[in-house]
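The values are calculated or read from the model by the stated rules, or taken from the named source; none is laboratory data. Nothing here was measured: the structure is a model prediction, and the numbers come from that model. As a convention, Cβ positions derive from the backbone with ideal geometry for all residues, glycine included, and neighbour counts pool all protein chains shown. When the accessible area is computed, the model is the full protein with side chains, heavy atoms only, and any ligands, DNA or RNA have been set aside. Shrake-Rupley method; radii C 1.70, N 1.55, O 1.52, S 1.80 Å.
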Amino acid sequence: MALVQEQILTSTDVNHRLSFETESLSYFSFAPGVNYIDFKVIDLTDERIRTLRLYTRKDDHPKPVISKGWREYVKSKNLRKGDKVILRVNYDNIAPFSIQAQRSEFTVCGEPFWINI
């Protein structure tokens, strides 16, 4: 599965919307004149399929965010600042993308040890 985005969550990501890397927009096909796209993801832990919305500004600086469906995902996973979310292209036809939430409760040899949640 191709990596779309891997991100450590900030307070804004947890409480409002997920900031999205502009470079990752190439994985999505927006209709002409439309600045958002709803897409399906499958959670790799609980295998639930969810719908998220990727939204961009209409001006020269798109500043993409994942909005619709994001807060429900955060609540269902009890995500908090410092957790990590990984979004990948999914090739098994269930949903075009997969999502994985992880939390680090401790370190091993000075590196965070991430556990799927």
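For every residue, the table says whether it meets (1) among the polar types (S, T, N, Q); (2) at pLDDT 95 or above; (3) within 23 Å of Ile94 (Cβ to Cβ).
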| position | (1), (2), (3) |
| --- | --- |
| Ile8 | no, yes, no |
| Asp13 | no, yes, no |
| Phe20 | no, no, yes |
| His61 | no, no, no |
| Pro64 | no, no, no |
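Looking for whichever is surrounded by fewer than 16 Cβ atoms within 10 Å (Cβ to Cβ), over 23 Å from Glu105 (Cα atoms), at pLDDT 95 or above and of a type in the set (Lys, Arg) here; the options are Arg53, Arg80, Arg57. Which one fits? Result of the check over Arg53, Arg80, Arg57: Arg53. Among the residues of segment 1-30, the one identified as in a strand (DSSP E or B), of a type in the set (Val, Ile, Thr) and either farther than 21 Å from Trp114 by Cβ or open to solvent by 60 Å² or more (accessible area, probe 1.4 Å) (or both) is Ile8.
Any residue at all in segment 65-83 that is farther than 20 Å from Arg17 by Cβ and among the aliphatic types (A, V, I, L, M)? No - not one qualifying residue is present in segment 65-83. The number of residues in segment 31-46 that are over 15 Å from the mean Cα position of the chain (by Cα) and either closer than 25 Å to Asn116 by Cβ or basic (Lys, Arg) (or both) comes to 1. Selection within segment 36-50: residues that are closer than 21 Å to Thr12 by Cβ and in contact with a Gly (Cβ under 9 Å, 6 or more places away or on another chain). The member of this set that is least open to solvent (accessible area, probe 1.4 Å) is Val41.
Of everything listed in (1) in contact with a helix residue (DSSP H, G or I) (Cβ under 9 Å, 6 or more places away or on another chain); (2) in contact (Cβ under 8 Å) with a residue 12 or more places away in the chain, the single unmet condition for Arg57 is (1). If the condition is being assigned to a loop (DSSP other than H, G, I, E, B), open to solvent by less than 70 Å² (accessible area, probe 1.4 Å) and more than 18 Å from Arg50 (Cβ to Cβ), then segment 83-117 contributes only Gly110.
So, in segment 32-47, how many residues would count as being free of Cβ contacts under 8 Å to residues at least 40 places away in the same chain and either in a helix (DSSP H, G or I) or farther than 17 Å from Ser67 by Cβ (or both)?
If we filter segment 32-47 for residues that are free of Cβ contacts under 8 Å to residues at least 40 places away in the same chain, which is where we start, we get 32-38, 46-47.
Add one more test, that the residue is either in a helix (DSSP H, G or I) or farther than 17 Å from Ser67 by Cβ (or both), and what stays is 32-33, 46-47.
Of the residues in that region, 4 qualify.
Quick one: Gly33 ticks every box in (1) at pLDDT below 95; (2) within 19 Å of Glu21 (Cβ to Cβ); (3) open to solvent by 60 Å² or more (accessible area, probe 1.4 Å); (4) not aliphatic (A, V, I, L, M) bar one, so which box is it? Failed condition: (2). His61 meets each of the listed conditions (1) outside any helix (DSSP H, G or I); (2) under 10 Å from the mean Cα position of the chain (by Cα) apart from (2).
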